[in-house]
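> Here it is: the structure, laid out below.
Laboratory data are not the source of any read-out in this text; all were calculated from the coordinates shown. Small disclaimer: the values here were computed from a predicted structure and weren't measured. Reconstructed Cβ throughout: ideal geometry from the backbone, glycine too, with neighbour counts over all protein chains shown.
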Amino acid sequence: MPRFTPFPALRYCDPQIDDLIAPPYDVLSEADLDELGGRSPWNITHVDVPRESAGANRYEDAAATLREWIDAGVMSYDEVPTFTIYRMRFTDASGTPRDIAGVLGGLAVVDEGAGGVLPHERVTPKASTDRLDLTRATHANLSPVWGLSLATGLTALLAEPGEFIASVTVDDVEHVVERVSDPQRVGVIADTIGSDDVLIADGHHRYGISRTYRDEVRAANGDRANPADDTLAFVSELVADQLSVEAIHRLYHDVAFDDLVSALDASFERADAGRPDGGTLTKMDSEGMLCLVGPDGFAQWLRPRRGAFDDVRSLDGAWLEHALADLDHVVTYQHGVDHVVDAVTSGAAVGAVLIRPVSVAEIERTAREGALMPPKSTFFTPKLRTGLVVRSLV
C-alpha cells in the first residue's frame, strides 16, 4: 500500500496569492509566462519555469531565486510536518456544481510495476530533461502529481476545515488551501490514503522524474532513507462527485483524409452530423457514438459496427487504436471541440475524431485490473495550481 506522509510545507507568507501562483508549467505559453512573471517578482513561474532565453545556467538561477525568497521571508516553512487540504469549487461543463477536496502531501515513489501507486494510461514519451534538471538544481518538488485514492472515506475526512491559509478565484474556479497540523488528524489521513492503491490521474511524467531523481539520490547516499523517497502529490478520492473528467480528442496527421476515412469505415458506420457544436458531445454520449471532423469543418457520426470491437476494451481511444492499427499516421491530442475544429480547418491536422469522456467507473475498473488506457484518455479539470505548496527534498 502507498506511503503518504506530512512534511514541513514551504509556503508564501503573504495570504494574497493571486499574483504569486500559476497553472502547471506544461500548459503555459511564452505569452502566459510574460503575463504571470510581470505580475510579481515572486510569481512561482520565476522558479518553476526556467526559460531557455535565460541561458545555460537557468536551473541554477532558479534555485538561487528560491533560496533568495526564503532568506528574504517571501516564503517560509511550516514549523512541523503538515498536510494541506486543497479545495476546488466550480461549475463543470455540464452545469454541475463541484466541490473537490483533496490533500497535498508526500506520496511514495515506487518502482514501476511495484504496486501501491499505479499509472492509469500509457504515457507518451518526452525527451526533455527539463523537470529532472530543475529538481536536481532546486532540490524541491514544485508542482504536484494528482493521485486518486481507491480508499473510501477520504472525502468525509476532509469535510472539516483545516487552518485557513489562502483562497483565490481564477477562471471561475475557487482554490482554497487549509493547513492540518494536528498529529491525530494527520495520522488518520495518512492511514486512510495508505490503506489502498493510489492511481495517478495527472502528472505521470513528473512521477517518472521523481523516480529517476530518487534513484540518483540513493546511489549517492548509500541507499539511506531520504525525502526523495516521496514526491509532492495532491490526493483526492476516486468517486464520481469528486472528479470532473473531460475527453482529449484525436488529431490526425501525415495521412490522406480519404485514407483515414477508409480505415475508419471498416469499424464504423458514418452519418452526417453537420457542424460540431455544444450539443455534439451530449449526443455522442447518449447514443454511444464518436464524431469525425473533416477539413471543411463538417462532421460525421461514427457508430461502431456490430462485432467490430468485441475483443477491445470499451474505450473510445482503444477503439480508434484498433481501427487504425494498420494505417500509417501520426496522432496528437487536443481538448475542446472549438480547438479541434480550428486545427482541422486551418490545416494543422488532416482530420480529427471527437471522443467521449471516460467514466469514473471505467477508471476504477481499469485500475483494479492493472490495465492501462491508451495515452491521453482522460483530461481532469480543473488544473491544480502551482505555488500553493513547495516540498523540500533536503
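> For all pairs of alpha-carbon atoms in region 1-118, what percent lies in each bin of width 10 Å, listed from the first bin to the last filled one?
Final binned percentages: 11, 29, 36, 22, 2.
> Follow-up question, since we're still on this one. Just order 68-80, 379-391, 172-184 by mean Cβ neighbour count inside 10 Å, highest at the front, would you?
Values: 68-80: 14.1, 379-391: 21.3, 172-184: 16.5.
The most tightly packed comes first, giving 379-391, 172-184, 68-80.
> Rounded, prolate or oblate: pick one for region 324-394, where a ≥ b ≥ c are the square roots of the eigenvalues of its C-alpha gyration tensor, a/c under 1.5 means rounded, and failing that, prolate if a/b is larger than b/c, else oblate.
Numbers: a/c = 2.14, a/b = 1.39, b/c = 1.54.
Judged from the Cα gyration tensor, region 324-394 comes out oblate (a/c at least 1.5, b/c at or above a/b).
> Sticking with this structure for a sec: Given only helices, namely DSSP H runs of n ≥ 4 each adding -39500 (n - 2.57), what is the per-residue ellipticity at 222 nm of the chain, to the nearest 500 deg cm²/dmol?
Values: 12 runs with 115 residues, N = 394.
Calculated from helices alone, the mean residue ellipticity at 222 nm is -8500 deg cm²/dmol.
> As a footprinting exposure proxy, order 103, 245 by other Cβ within 10 Å, with the fewest listed first. Display every interim value, and only then the final one.
Values: 103 28, 245 18.
With the sparsest Cβ surroundings first, the list reads 245, 103.
> Quick one: net charge of residue 185's neighbours, Cβ under 12 Å, K/R +1, D/E -1?
Working: positive: 179; negative: 160, 163, 178, 182, 191.
Every neighbour counted, the sum reads -4.
> Turning to a different aspect of this structure: Check which residues have an amide H placed less than 5 Å from residue 199's amide H, if you skip close sequence neighbours.
Excluding prolines and chain starts, which carry no amide H, the hits are 118, 148, 149, 150.
> Shape verdict for region 248-356, please, from the Cα gyration tensor: rounded (a/c under 1.5), prolate (a/b greater than b/c) or oblate.
On the way: a/c = 1.59, a/b = 1.15, b/c = 1.38.
Note, shape of region 248-356 comes out oblate.
> Something else now. To make sure I understand, if each residue's beta carbon is the centre and we count other beta carbons within 10 Å, what order do 13, 291 fall in, fewest to most? Let's see the in-between values first.
Numbers: 13 11, 291 22.
The fewest-first ordering by Cβ neighbours comes to 13, 291.
> For the chain, what does the relative contact order come out to in percent, with C-alpha contacts under 8 Å and a separation of six or more? Intermediate values should be presented prior to the final figure.
Working: 769 pairs, mean separation 96.7, N = 394.
Reported relative contact order: 25 percent.
> About the Cα centre, and with charges only on the beta carbon of Lys, Arg (+1) and Asp, Glu (-1), how big is the dipole of region 162-321? Nearest 20 debye, please. If you can, show how the numbers build up before the last one.
Values: 15 positive and 32 negative charges, 52 e Å.
Roughly 260 debye for region 162-321.
> Additional query: What does the charge add up to near residue 224, with Lys and Arg as +1, Asp and Glu as -1, over the other residues with Cβ less than 15 Å from its Cβ?
Values: positive: 214, 218; negative: 215, 216, 223, 229, 230.
Its environment carries a net charge of -3.
> Sorted by packing (mean other beta-carbon atoms within 10 Å per residue), highest first, where do 135-144, 220-229, 326-335 land?
So the peptides 135-144, 220-229, 326-335, ranked by packing, come out 135-144, 326-335, 220-229.
> Given [x] 21.8; [y] 20.5; [z] 22.4, which label gives Kirkwood radius over Cα pairs in Å as computed from the coordinates?
Label of the calculated value: [z].
> How much net charge surrounds residue 37 when only the other residues with a Cβ under 12 Å from the Cβ of residue 37 are counted, with Lys and Arg +1 and Asp and Glu -1? Write down the numbers at each step before the final one.
Numbers: positive: 39, 51; negative: 19, 30, 32, 34, 35, 48.
Local net charge: -4.
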